[in-house]
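Visitor: The following block contains the structure, expressed as C-alpha cells.
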Amino acid sequence: MITEDYILRMIRDMVRMIAHLTGVPTDPLTAPQFRESLPAGKLPPLLEQLVELADRGEINEAENRLFEELDFADPEQLSVALLFYRHINGFSDQYLTAADYSREEIAEGLKDCAERFGMDSSLLEGFAL
C-alpha cells in the first residue's frame, strides 16, 4: 500500500512538473476527477476516445492510439497526453494488472511523450520508479 501510494504521487508529480515546464494549463490536471470538472463535450475528441478505451480496460490500445494519433509537433496537444496519463494513474493496481498494464508503464509513457514534445529527458531522471 505504501509503495502504491508513493508511485501514485511520483506519477502525479511528474505530470505536474511536465505541465509546469511546458506551460500547459494545469487546472484539469490537478482536479481529482478531471472528467467531471469539465463541461460535457469539452474534452478533445482524441482524449475522449482514449479515456473510453482505458475505462473499458483497453489501456494498451489507448496508449498505442495516443502515440499514433497525437501530433507531437503541436505543443498544445501535450495536454491530451498529460490528461490521459493522469486519468489512468487514477486506476487501482488491480485494474491496471487486469488490463495488462502497470504504473511503471505510465511513467515510461509520460517520459516518452515529454521527450517527443522536445523536453530534455534529463529533467525527468529523478522520477525513476
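The values are calculated or read from the model by the stated rules, or taken from the named source; none is laboratory data. These figures come from a predicted structure and were not determined experimentally. Every residue, glycine as well, gets a Cβ built from its backbone with ideal geometry; the counts of neighbours run over all protein chains shown. Areas reflect the complete protein model, heavy atoms only, side chains present, ligands, DNA and RNA absent. Shrake-Rupley method; radii C 1.70, N 1.55, O 1.52, S 1.80 Å.
Visitor: Can you pull out the helices (runs of 4 or more DSSP H) entirely within region 44-129 that have at least 2 residues that are more than 15 Å from residue 10 (Cβ to Cβ) and open to solvent by 50 Å² or more (accessible area, probe 1.4 Å)?
Guide: On the way: elements: 45-55, 59-69, 78-89, 93-98, 103-116.
In region 44-129, the matching helices (runs of 4 or more DSSP H) lie at 45-55, 59-69, 93-98, 103-116.
Visitor: Looking at this structure, is residue 84 under 19 Å from residue 17 (Cβ atoms), of a type outside the set (Val, Ile, Thr) and in contact (Cβ under 8 Å) with a residue 60 or more places away in the chain?
Guide: Values: under 19 Å from residue 17 (Cβ atoms): yes; of a type outside the set (Val, Ile, Thr): yes; in contact (Cβ under 8 Å) with a residue 60 or more places away in the chain: no.
Answer is no for this residue.
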